[in-house]
Amino acid sequence: MTAALATIGTVSTLEDWIARSAVANDATSTSIFLVISGLGGPYALIGVINAVMIGAASRRQEFAASRGRWRWW
């Protein structure tokens with residue numbers, strides 16, 4: 001049976017096929033993770049910068065008072 005299948009293509013045991021398949025799937029998973037992380041990192045950084053800018057813009061008077069330039073009268 002194995003000799004007949006060998007004429008069609010490569011014949012391997014189930015353990016060999018699982019090992020080769022795991023290596024290929026691992027490489028694919030790693031590549032997908034890197035792409036998603038590469039896109040998500042800058043997106044998260046923009047979100048953090050946006051939150052800091054909005055927070056700082058709403059506290060202008062407090063920052064001015066801490067520098068001694070704000071007059072309350």
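Which value, in debye to the nearest 20, gives the size of the charge dipole of the chain about its Cα centre, when Lys and Arg are +1 and Asp and Glu are -1 at the Cβ?
On the way: 6 positive and 4 negative charges, 215 e Å.
Around 1040 debye, computed over the chain.
In 5 Å bins starting at zero, report the fraction of Cα pairs in the chain per bin as a rounded %.
For the chain, the binned pair fractions read 3, 12, 9, 9, 8, 7, 7, 6, 6, 5, 5, 4, 4, 4, 3, 3, 2, 2, 1, 0 percent.
Phe33 to Val11: FRET efficiency via 1/(1 + (r/R0)^6), r the Cβ-Cβ distance, R0 35 Å, to the nearest 0.05?
The pair Phe33/Val11 has a calculated efficiency of 0.55.
Could you run the Karplus curve 6.51 cos²θ - 1.76 cosθ + 1.60 with θ = phi - 60° over segment 12-19 and give me ³J(HN,Hα) per residue in whole Hz, x for Gly and Pro?
After applying 6.51 cos²θ - 1.76 cosθ + 1.60, I find 9, 7, 4, 5, 5, 5, 5, 5 Hz.
How much length would be gained if the chain were fully extended between Ala22 and Ala4, taking 0.36 nm per residue of separation minus their Cα-Cα distance, in nm to one decimal?
3.8 nm
Bear in mind these aren't lab numbers, they're just calculated from the coordinates by the rules spelled out. None of the values given here were measured: they were computed from a predicted structure. Note that each Cβ is placed from the backbone with ideal geometry, even for glycine, and that neighbours are counted across all protein chains shown.
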